[in-house]
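The values are calculated or read from the model by the stated rules, or taken from the named source; none is laboratory data. Keep in mind the model is a prediction, meaning the values are calculated, not measured. Methodologically, a virtual Cβ is constructed for each residue, glycine included, from the backbone with ideal geometry; neighbour enumeration extends over all protein chains shown.
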Amino acid sequence: MSQSNQGKITALYCRLSQDDGLDGESNSIQNQKRILEQYAIDHRFPNIQFYVDDGYSGASFNRPDFQRMMSDMEDGKIGIIITKDLSRLGRNQLHTGLYIEERFPQFGVRYIAINDNVDTENAESNDLMPFKNLFNEWFVRDTSRKIRAVQRAKAQRGERLGTRAPYGYKKDENAKGKLVVDEEAAAVVRRIFALCAAGRGPSQIAKQLRAENVLCPAVYTYRKLGSGHTCLDLSQPYNWSDSTIANILENETYLGNTVNMKFTTKSYKDKRYVQHPREECLVFEGTHPALITREVWDIVQRVRQNRKRPTKMEELNKYSGLVICADCGSTMVLHRARTMKPTQNNFTCRTYKKAGSEVCTAHYIRECVLDEIVLEDIRRVTAMAREHTQEFAAYICDRQSAELRREIRRQELELSGMKKREAELEAIFKRLYEDSVLGRITTEQFQTLSASYVAEQEQLKTAIPQKEREVAKLKATVSGADNFIARAKRYTDIQKLTPELLRLFIEKIVVHEKDVKWSKHASQTVEIHYTDIGVIGNMNITKSA
C-alpha cells in the first residue's frame with residue numbers, strides 16, 4: 001500500500017438490485033460484505049468502512065451511498081475502493097470506465113474488483129476490464145428488454161401492472177392481480193367524486209377532508225396494511241393535498257377499468273417517466289368492481305374542464321363554465337357582491353368586460369332570470385323524454401343525423417386541407433434544399449426560409465392525427481337519446497337547480513344579445529344545449545284519441 005493512502009478509509013462498496021437478487025445468495029449484501037471484509041483483512045487494508053446501496057440498479061450512478069462515497073473521496077478521505085466485481089460498481093460501460101480510469105486516479109484512489117482480478121495498481125490486470133464492462137452493460141440492457149417484453153405481454157392481457165392497490169381498493173387474497181373494494185376508503189372516494197360533481201374544486205375538497213380528520217391515502221394504507229410510501233408523513237395524518245384529490249378524480253380505475261401502458265421510461269439508462277395519451281394506452285373495461293358510475297364520472301370530467309376558483313364571497317357559481325356568449329364564444333362572468341341583492345346578480349360577457357364594447361357587447365342577463373329559463377326548459381325537455389319516449393327518440397335521431405353529417409363533412413374538409421398543406425410543405429422544402437445544394441441560395445437564406453416551414457410541418461404532424469381522431473369519433477357517434485331518456489326517467493320532480501343537475505343534463509347555455517341593448521322589456525334568446533342531444537325545440541306530438 002502506498003504511503004499516500006495510509007490513514008485513509010478503505011471503502012468497501014456493496015450494491016444489489018432487484019434483478020441481481022434473482023441470482024440468490026451469491027450477490028446478497030451479506031455475502032458481499034463477508035467477501036470484501038475478509039479480503040481487506042487478508043491484505044491488511046486499514047480503516048474499513050462499508051458503503052451500501054441495496055435495491056439500486058447498476059445502470060445509474062445516482063445512488064445514495066455511492067454518492068456519499070464519492071463525496072468522501074473528493075474530500076480526500078478515501079484511499080482504496082473495493083467491490084466484489086466490476087458489475088457491483090456499475091453496469092454502464094462509459095461511466096464505469098470513466099470512474100475507474102479518470103475519476104479515481106484524479107483523487108489518488110486505488111480501485112480493486114476482487115472476482116474480476118482488477119487492480120489499478122497493476123496495469124496488466126486492467127487489460128480485459130473494458131470488455132467486462134461492455135458485457136456488464138449488455139446484461140442490464142438484455143434484462144431491461146426482457147422485463148419490458150414481459151410487462152407489455154401482461155399489459156396486453158389486461159393484467160394490472162401496479163404493485164399497490166389504488167386507494168379505495170385492496171388486493172384480492174384469492175386471485176392474484178385482482179382488486180376488491182375496500183369499503184372504508186371507497187366511501188371517501190365516492191364522496192370526493194360527489195363533492196366535485198357539486199362544483200367543488202380539489203383544493204376545497206382537500207380542505208374539507210382535512211377539517212374532518214379523514215386519513216390521507218398514504219397514512220390510511222400504512223395503518224391498515226403496514227406498508228410504507230415515499231410520501232408517508234405520520235406527523236400529518238390528515239394532510240390531503242389538492243394534487244391527491246385531482247389524481248383521484250382523473251383515475252379511470254374507479255370506473256372499473258384497467259389502463260395499462262399509461263407511463264413508460266425512455267430507456268434502461270433514463271428512468272424518467274413518459275406519459276402517453278389515452279389513445280396509446282391499453283384500456284380494459286370492467287376488470288374489477290367500479291366505485292362510481294359512468295354518469296358521475298362524466299359529470300366530474302365536465303366540471304374539471306370548466307373548473308373555476310370560488311368568488312371572494314366563498315360561494316360557488318353553479319353555472320361555472322356553462323354560460324357562453326353567442327357572439328365571441330367566451331364564457332360569461334357572474335357578477336355578485338355583498339352590497340347587491342341576490343336578484344341583482346348578473347352574467348356579462350368576459351370579452352366585453354376585459355376589452356370593451358369595441359370587441360363585444362355585454363349580453364347582460366340576471367342570474368335569477370337564467371335560473372327560471374333553465375329550470376323551466378329542463379322540466380319541459382325531461383317531461384317530453386319521459387311521456388313521449390318513442391317520438392322523442394325519433395326526433396333526436398332524425399335531427400342529429402343531419403347535424404352529424406354536416407359536422408363530419410366540415411371536419412373532413414379541414415383534414416383534407418391539412419394533408420394538402422403538408423404535401424405542399426414537403427415539396428417547398430425539397431425545392432429549397434435543391435436550390436441550396438445547387439448554390440442558387442446561400443446556406444443562411446436556406447436556414448431562414450426553411451425555419452418557418454419546418455415549424456409549420458411540426459405543427460401539422462401533431463394536428464393531423466388529432467383531427468383524424470376527431471373525425472373517427474364523430475363517425476362512431478350514435479344518437480344519445482337513450483342515455484338522455486334514462487336520465488330523465490330518474491328525475492321526475494325537479495324543484496331546484498343544483499350544480500349536479502346542470503352538469504348531468506346540460507352541455508352549455510348560449511346567451512344572445514338583447515334585440516335592444518339594456519332594455520328591460522326587449523326579447524333575448526337563450527339556447528340550452530343538452531348533453532348528448534343538443535338544442536331541443538318544440539316537438540309536434542300526436543296525441544292518441
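Points worth noting:
- Residues in the stretch 180-212 that are β-branched (V, I, T) and over 23 Å from the mean Cα position of the chain (by Cα): V180, V181.
- Qualifying residue in the stretch 73-86 (condition: in the same structural domain as I100 (by TED's automatic domain parsing), surrounded by fewer than 17 Cβ atoms within 10 Å (Cβ to Cβ) and either at pLDDT below 90 or of a type in the set (A, V, I, L, M, F, W, C) (or both)): no
- Tallying residues that are buried (at least 19 other Cβ atoms within 10 Å of the Cβ) and not hydroxyl-bearing (S, T, Y) within the stretch 218-229 yields 2.
- Just one residue in the set S452, S416 is closer than 17 Å to E470 by Cβ and either touching a Pro at 6+ places or on another chain (Cβ under 8 Å) or surrounded by fewer than 12 Cβ atoms within 10 Å (Cβ to Cβ) (or both); that residue is S416.
- Residues that are among the aromatic types (F, W, Y) and surrounded by 22 or more Cβ atoms within 10 Å (Cβ to Cβ), drawn from the stretch 46-65: Y51
- With respect to the conditions (1) crowded, with 19+ Cβ neighbours inside 10 Å; (2) under 23 Å from the mean Cα position of the chain (by Cα); (3) closer than 20 Å to A165 by Cα, L215 falls short on a single one, namely (2).
- Residue within the stretch 380-402 that is part of a helix (DSSP H, G or I), modelled with pLDDT of 85 or more and among the aromatic types (F, W, Y) present: yes
To keep it simple, each residue is scored yes or no on (1) in a loop (DSSP other than H, G, I, E, B); (2) at pLDDT below 85.
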| residue | (1), (2) |
| --- | --- |
| V454 | no, yes |
| A463 | no, no |
| E468 | no, no |
| A472 | no, yes |
| I485 | no, no |
| S519 | yes, yes |
| A545 | yes, yes |
